[in-house]
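The values are calculated or read from the model by the stated rules, or taken from the named source; none is laboratory data. What you see is a predicted model, and the numbers here were worked out from it, not measured in a lab. Glycine also receives a Cβ, built like all others from the backbone with ideal geometry; neighbour counts cover every protein chain displayed.
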Amino acid sequence: MIAPYGSWNSPISSHHLVEDSIEFGDLRTDGECLYWIESRPEESGRCVILRRSPDGEIKEILQKPYSARSRVHEYGGGAFLVDQGAVYFSNFADQRIYVGQVHCDSKPITKGDGSRYADYVSDVRRNRLIGVREHHYRNSGQVDNEIVGIGHSVSTEDVVLISGSDFYSAPRLSPDGVYLAWLSWSHPNMPWDESELWVAELDDAGYPKGRIKVAGGNRESVQQPCWSEDGVLYFVSDRSNWWNLYQWADGVIERVYNRDAEFGRPQWLLGLMNYGLLDSGSIVCSYTVGGTWFLGKIGKKDRRLKEFDLPFTYFDSIQVLGDRVYCLAGSPEIPLSLIELDLLSKRFLVLRRSMPSSAVKGYTSLPESLEFPTGDGHVVNGNFYPPTNDRFAGPPGTRPPLLVKIHGGPTAATDSVFSMKIQFWTSRGFAVFDINYRGSSGFGREFRNLLNKNWGIADVIDCVMGAQFLVDNGLVDEDKLIIRGGSAGGFTTLSAIAFHDLFKAGASYYGVSDLLNLAKDTHKFEARYLDRLIGPLSESQDNYFDRSPINSLQTVSAPIIFFQGLEDEVVPASQTESMVKALKDKGVPVAYVPFAREQHGFRSAESIIRAHEAELFFYSQVLAFPIDDNFDPVEIFNSKFS
């Protein structure tokens, strides 16, 4: 059937984006069972802990209304621990640590005094937990981050073990409980800029005595410390430009395996693990090359890396249990899934999918990795998804509209895992280009650093050049180019529209519009992030002003739709609302869809459905194509569309 691109009838409704869908969180083992977190949109984003027993039975072990989600650094991670049959978790509502047995009532072991906890381990010798505490002082607004000992009763006081740096993560006890390793960093660094790995011996009372800096600092990022049973400390470092795996033993550091590949990822979340130690001394690890992830095993003796032959292009959250490996994996045709790999048979089993269905035959767009020049001597890549729908074709001589999709961070990356949210667009006749612009992770430290002092310039140029590349190759309609992104991707979206005239419309999800205000009004973790991306505020105030989209509206004419969580503490709602008001006053077509109970990123089914329906409706008005979906309209101020 011939129909305008964008108007195609699709079997992928907005409800398919959330029905029986989940987002995976932390994976953990207790030496016998596998545990993990599932965030469920249909339960308003509640984070549930599940257990898989050795016999394969899967049970939910966290009862309502509890939700295992930490707010340390606002992004969380490391929100639970299972030890000797007890389940410890950070409850989202009050950020206290609770403990309970499976299917039994849980009780708090920390006070509700403004403290948040994450990334904790069990200190069996001293009958306590050791974890990261982020304390928020209610009156002053001050935030202190420390590593503390946490007793098993609410009547006990936390004991500060490590303090003095701005941030901490990954406290890890040696198997004998004698040594504590941890990571630290301080402003203006983010953990992927400079971080340090420390080790201290604990005295009989459990306090550190003396400390040794193992690695880090001086333009080196360290992450993922892990002790082996024989007391060797493994970690990931980018001292060679690439996040490679190292070991520390007897005071000597050795690289475990040398490759121009990333065996780590930016520490936005706590508790990340890209490798696991086998009893044999070998190491199972995930790593990325050119935007594609692989899973392999590094031998103990020969230190050779052997890749597993698996039908996936993405791997994350490695956990080892005997001769089995558990991780998250996905591919262009398989949604992100929890899998089990038997190391003896080399066979894998999908235990859980993030959504009930995989690729829909006849409606699934498979990505093509495309490289293109930026025009200033660099080359970047992206995943191009052509419009795909067996029942429809565009009118002869026409080309599809393009959605340029901008990932957040900006220190993050895109991947090629099957996404129903992308198929929602491609099955309706849109092309999608998901770009790893300069500053993205997975391509080495030097590539990450290309965005330093250049945020709002290099990333924007890359997105403009990427869209133009597709136009020049006859793949998309140059008069129907759209750009969309969330958080940092929202800033790139707004900047591309404010400083270039290529895009005809845009969608900003909780995006940054005012850099000066963001530098003054954001949470502690990212309070100095802009020092590297833009420059220190005291030295670069003009750049903060000049690169803020809200200060460059004189040439803006492209319609923009905004989505914002009103409880967002990363990018406050004032950022979006100021921009919406300014565009209204200027007469630019603009729409605004706020969500009262959402934070940074939308988790509830209702919000996800409404956002996609409103965005599609908005584009149908801007690009003048009909849609059959019965969506509630969104009000477009200064509308020029009939």
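Applying the selection to region 201-216, what residues are buried (at least 16 other Cβ atoms within 10 Å of the Cβ) and at positive phi?
Answer for region 201-216, where residues must be buried (at least 16 other Cβ atoms within 10 Å of the Cβ) and at positive phi: 206, 216.
Specify the residue that is farthest from residue 621 (Cα to Cα); the eligible residues are those in region 551-564 that are modelled with pLDDT under 95 and of a type in the set (A, V, I, L, M).
553
Conditions (1) touching a helix residue (DSSP H, G or I) at 6+ places or on another chain (Cβ under 7 Å); (2) at positive phi; (3) crowded, with 19+ Cβ neighbours inside 10 Å; (4) outside the structural domain of residue 428 (by TED's automatic domain parsing), marked per residue:
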position: 6; (1), (2), (3), (4): yes, yes, yes, yes
position: 19; (1), (2), (3), (4): no, no, no, yes
position: 23; (1), (2), (3), (4): no, no, no, yes
position: 26; (1), (2), (3), (4): no, no, yes, yes
position: 32; (1), (2), (3), (4): no, no, no, yes
position: 52; (1), (2), (3), (4): no, no, yes, yes
position: 78; (1), (2), (3), (4): no, yes, yes, yes
position: 90; (1), (2), (3), (4): no, no, yes, yes
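Restricting to region 372-390, what's the tally of residues that are touching a residue at least 40 places away in the same chain (Cβ under 8 Å) and closer than 21 Å to residue 422 by Cα? Spell out the reasoning first.
Filtering region 372-390 for residues touching a residue at least 40 places away in the same chain (Cβ under 8 Å) gives 372-376, 378, 380-387, 389.
From what's left, closer than 21 Å to residue 422 by Cα: 380-387, 389.
Number of matching residues: 9.
Taking the criterion of being among the hydroxyl-bearing types (Ser, Thr, Tyr) and assigned to a strand (DSSP E or B), would at least one residue in region 493-508 satisfy it? Before the answer, list the steps.
Taking region 493-508 first, the residues among the hydroxyl-bearing types (Ser, Thr, Tyr) are 493, 495, 508.
Restricting the remaining residues to those that are assigned to a strand (DSSP E or B) gives 508.
So far as region 493-508 goes, yes, one or more of its residues are among the hydroxyl-bearing types (Ser, Thr, Tyr) and assigned to a strand (DSSP E or B).
Can you tell me which of 320, 325, 350 is assigned to a strand (DSSP E or B), aliphatic (A, V, I, L, M) and surrounded by fewer than 18 Cβ atoms within 10 Å (Cβ to Cβ)? Can you show your working first?
Values: 320 fails: surrounded by fewer than 18 Cβ atoms within 10 Å (Cβ to Cβ); 325 fails: surrounded by fewer than 18 Cβ atoms within 10 Å (Cβ to Cβ).
Only one candidate qualifies: 350.
Which numbered condition trips up residue 75, out of (1) under 25 Å from residue 351 (Cβ atoms); (2) touching a residue at least 60 places away in the same chain (Cβ under 8 Å); (3) not charged (D, E, K, R)?
Unmet condition: (1).
For region 574-599, which residues satisfy the criterion of being closer than 21 Å to residue 515 by Cα, small (Gly, Ala, Ser) and crowded, with 16+ Cβ neighbours inside 10 Å?
The answer is 582, and nothing else.
Which ones in region 431-449 are of a type outside the set (D, E, K, R) and assigned to a loop (DSSP other than H, G, I, E, B)?
437, 439, 440, 441, 442, 443, 444
Please find, among 60, 74, the residue that is buried (at least 18 other Cβ atoms within 10 Å of the Cβ) and either within 21 Å of the chain's Cα centre (by Cα) or not aliphatic (A, V, I, L, M) (or both).
Result: 74 is the single residue among 60, 74 that is buried (at least 18 other Cβ atoms within 10 Å of the Cβ) and either within 21 Å of the chain's Cα centre (by Cα) or not aliphatic (A, V, I, L, M) (or both).
Being in contact (Cβ under 8 Å) with a residue 24 or more places away in the chain and on the phi > 0 side of the Ramachandran plot is the filter here, so list the residues in region 217-235 that pass it.
Residues satisfying the conditions are 218, 219, 224, 231.
A quick yes/no check of all residues on (1) among the aromatic types (Phe, Trp, Tyr); (2) more than 21 Å from the chain's Cα centre (by Cα); (3) farther than 30 Å from residue 290 by Cα:
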{"residue": "203", "(1), (2), (3)": "no, yes, yes"}
{"residue": "226", "(1), (2), (3)": "no, yes, no"}
{"residue": "239", "(1), (2), (3)": "no, yes, no"}
{"residue": "248", "(1), (2), (3)": "yes, yes, no"}
{"residue": "253", "(1), (2), (3)": "no, yes, no"}
{"residue": "260", "(1), (2), (3)": "no, yes, no"}
{"residue": "274", "(1), (2), (3)": "no, no, no"}
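Go through region 323-333 and report how many residues are under 19 Å from the mean Cα position of the chain (by Cα) and touching a residue at least 60 places away in the same chain (Cβ under 8 Å).
Total meeting the criteria: 5.
Among the strands (runs of 3 or more DSSP E) confined wholly to region 203-271, which include 3 or more residues that are touching a Ser or Thr at 6+ places or on another chain (Cβ under 9 Å)?
Values: elements: 208-216, 222-227, 233-237, 244-249, 252-255.
The qualifying strands (runs of 3 or more DSSP E) are 222-227, 233-237, 244-249.
When you check residue 309 against the structure, is it at pLDDT below 95 and farther than 29 Å from residue 411 by Cα, yes or no?
It is false that residue 309 is at pLDDT below 95 and farther than 29 Å from residue 411 by Cα.
Looking at the structure I just gave you, is residue 533 under 17 Å from residue 493 (Cα atoms), in contact with a Pro (Cβ under 8 Å, 6 or more places away or on another chain) and either buried (at least 17 other Cβ atoms within 10 Å of the Cβ) or of a type outside the set (S, T, N, Q) (or both)? Step through it out loud before you land on a result.
Working: under 17 Å from residue 493 (Cα atoms): yes; in contact with a Pro (Cβ under 8 Å, 6 or more places away or on another chain): yes; either buried (at least 17 other Cβ atoms within 10 Å of the Cβ) or of a type outside the set (S, T, N, Q) (or both): yes.
Answer is yes for this residue.
Just checking: which of the helices (runs of 4 or more DSSP H) contained wholly in region 514-586 hold 2 or more residues that are hydroxyl-bearing (Ser, Thr, Tyr)? Step through it out loud before you land on a result.
Working: elements: 515-520, 530-533, 537-546, 573-586.
In region 514-586, the matching helices (runs of 4 or more DSSP H) lie at 537-546, 573-586.
When the residues of region 394-417 are filtered to those that are assigned to a loop (DSSP other than H, G, I, E, B) and among the β-branched types (Val, Ile, Thr), which remaining residue is farthest from residue 530 (Cα to Cα)?
398
Any chance region 581-590 includes a residue that's within 25 Å of residue 429 (Cβ to Cβ) and among the aliphatic types (A, V, I, L, M)?
Within region 581-590, the first condition is being within 25 Å of residue 429 (Cβ to Cβ), and the residues that meet it are 589-590.
Of the ones still in play, those that are also among the aliphatic types (A, V, I, L, M) are 590.
Looking for residues that are within 25 Å of residue 429 (Cβ to Cβ) and among the aliphatic types (A, V, I, L, M), one finds at least one in region 581-590, hence yes.
How about region 284-342: which of its residues are over 20 Å from residue 265 (Cβ atoms) and of a type in the set (D, E, K, R)?
Matches in region 284-342: 300, 301, 302, 303, 304, 306, 309, 323, 324, 333, 340, 342.
Go through (1) surrounded by fewer than 23 Cβ atoms within 10 Å (Cβ to Cβ); (2) at positive phi; (3) in contact with a strand residue (DSSP E or B) (Cβ under 9 Å, 6 or more places away or on another chain) one by one and return the number of the condition residue 474 breaks.
Unmet for residue 474, out of (1) surrounded by fewer than 23 Cβ atoms within 10 Å (Cβ to Cβ); (2) at positive phi; (3) in contact with a strand residue (DSSP E or B) (Cβ under 9 Å, 6 or more places away or on another chain): (3).
This table checks each residue for (1) among the aliphatic types (A, V, I, L, M); (2) in contact (Cβ under 8 Å) with a residue 40 or more places away in the chain; (3) under 21 Å from residue 257 (Cα atoms).
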{"residue": "279", "(1), (2), (3)": "no, yes, yes"}
{"residue": "284", "(1), (2), (3)": "yes, yes, yes"}
{"residue": "287", "(1), (2), (3)": "no, no, yes"}
{"residue": "292", "(1), (2), (3)": "no, yes, yes"}
{"residue": "303", "(1), (2), (3)": "no, yes, yes"}
{"residue": "306", "(1), (2), (3)": "no, no, yes"}
{"residue": "309", "(1), (2), (3)": "no, no, yes"}
{"residue": "317", "(1), (2), (3)": "no, yes, yes"}
{"residue": "321", "(1), (2), (3)": "yes, yes, no"}
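For the structure I just gave you, tell me whether residue 437 is in contact with a helix residue (DSSP H, G or I) (Cβ under 8 Å, 6 or more places away or on another chain), outside the structural domain of residue 297 (by TED's automatic domain parsing), within 23 Å of residue 615 (Cα to Cα) and crowded, with 24+ Cβ neighbours inside 10 Å.
Details: in contact with a helix residue (DSSP H, G or I) (Cβ under 8 Å, 6 or more places away or on another chain): yes; outside the structural domain of residue 297 (by TED's automatic domain parsing): yes; within 23 Å of residue 615 (Cα to Cα): no; crowded, with 24+ Cβ neighbours inside 10 Å: yes.
In short, no.
When the residues of region 353-393 are filtered to those that are assigned to a loop (DSSP other than H, G, I, E, B) and aromatic (Phe, Trp, Tyr), which remaining residue is nearest to the chain's Cα centre (by Cα)?
363
So residue 582 passes all but one of these: (1) more than 23 Å from residue 19 (Cβ to Cβ); (2) not assigned by TED's automatic domain parsing to the domain that holds residue 524. Which condition number does it fail?
If we test residue 582 against (1) more than 23 Å from residue 19 (Cβ to Cβ); (2) not assigned by TED's automatic domain parsing to the domain that holds residue 524, just (2) comes out false.
Which count do you get for residues in region 330-347 that are under 24 Å from residue 22 (Cα atoms) and not in a strand (DSSP E or B)? Walk me through how you get there before you give the answer.
Let us first name the residues in region 330-347 that are under 24 Å from residue 22 (Cα atoms), namely 330-341.
Next, from what is left, pick out any that are not in a strand (DSSP E or B): 332-333.
The number of residues fulfilling the criteria is 2.
Anything in region 418-430 that is over 19 Å from residue 330 (Cβ atoms) and either touching a strand residue (DSSP E or B) at 6+ places or on another chain (Cβ under 7 Å) or part of a helix (DSSP H, G or I) (or both)? List them, or say none.
430 - this is the single residue of region 418-430 that is over 19 Å from residue 330 (Cβ atoms) and either touching a strand residue (DSSP E or B) at 6+ places or on another chain (Cβ under 7 Å) or part of a helix (DSSP H, G or I) (or both).
Among the residues of region 278-292, is any β-branched (Val, Ile, Thr) and in a loop (DSSP other than H, G, I, E, B)?
No, every residue in region 278-292 fails to be β-branched (Val, Ile, Thr) and in a loop (DSSP other than H, G, I, E, B).
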